[in-house]
Amino acid sequence: MITLAVALAVLVGVSLGLLGGGGSILTVPLLAYVAGMDTKQAIATSLVVVGITSAVSTFAHARAGRVRWRSGLAFGVAGMAGAYLGGMVSQAIPGSVLLIAFTAVMIATAIAMITRRPAGEAPTRTTSIAKVALMGLAVGLVTGTVGAGGGFLVVPALVLLGGLPMPVAVGTSLLVITMNSAAGLAGHLSSTSIDWAVAGAVTAAAVLGSLLGSHLTVRVDPDVLRRAFGWFVLAMASVMLGQEIHPVVGVLAAALTALAGLGNLSCARLGWCPLRWLTGPPAATR
């Protein structure tokens, strides 16, 4: 199972390098369900994997001029404080509760990915350092507590609040994720042990994937990938809900995901959108 986990870790890296997020959303269930770690160990280990992978990918994007260092550092410093606090808070929360909270973050993230307007339609505006710091603190708190929510919260914030173009927001978010992951890990290490051999193998595979993802950033339509990844995250959340709560819940969630997917297909092919609130405008009109 460890070999499978290492192989699948390549997808974690591709997601980080290409989309600037999604690493922990994939890494935590990968380590918990494939590698067999308990929830808290999986969360702590995911911060190692995602932190190192994001650092490598940050420099790959920086060489292409897609990192805004000043914005990233301002956002990241506030995020580190939140991530450290979140790592400490998580020690007092049962593992099952953390995993359910993680699933909730997955669902919210997936819906945001599916429904968000294409990056080119986002308004461009600047905001105060105080607001950026507050957003960074909130994102860091989520990252440190449940090991997720970094990139897919940072990227929209940098686009909508910081006024950065999508490719630059992706590169800059990786700097923020690196900082948040380091701080969150520091909060976990006082009470959680890490299998460094497994963490190292998974990280190496993820780094290879991140370099590929960084190369593909300017070659693939990010809006198409964002929506497709959103449906994938919803499907994973359905499985996790079934594992942690009750199989019926998992089946119901999976059925709703399938219904939403059919709604998306009908929008694109038939012009009929039974779930327009979730799927967004028909693909042909984008």
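Normalising the average separation of contacting C-alpha pairs (under 8 angstrom, six or more residues apart) by the number of residues puts the relative contact order of segment 2-219 at 43 percent. With +1 assigned to the C-beta of every Lys and Arg and -1 to the C-beta of every Asp and Glu, and no other charges, what is the dipole magnitude of segment 2-219 about the Cα centre in debye, to the nearest 20? Charge dipole of segment 2-219: 660 debye, to the nearest 20.
Of the residues 232, 102, 59, the one with the fewest other Cβ atoms within 10 Å heads the list, and the complete ranking is 59, 232, 102. Between residue 224 and residue 131, the distance separating the two model label sites (each 7 Å from Cα on the Cα→Cβ line) works out to 3.4 nm.
Values in this text are rule-based calculations from the coordinates and carry no lab data. Only a predicted model underlies this, so the values are computations on that prediction, with no experimental measurement involved. Ideal geometry is used to build each Cβ from the backbone, glycine not excepted, and the neighbour counts take in all protein chains shown.
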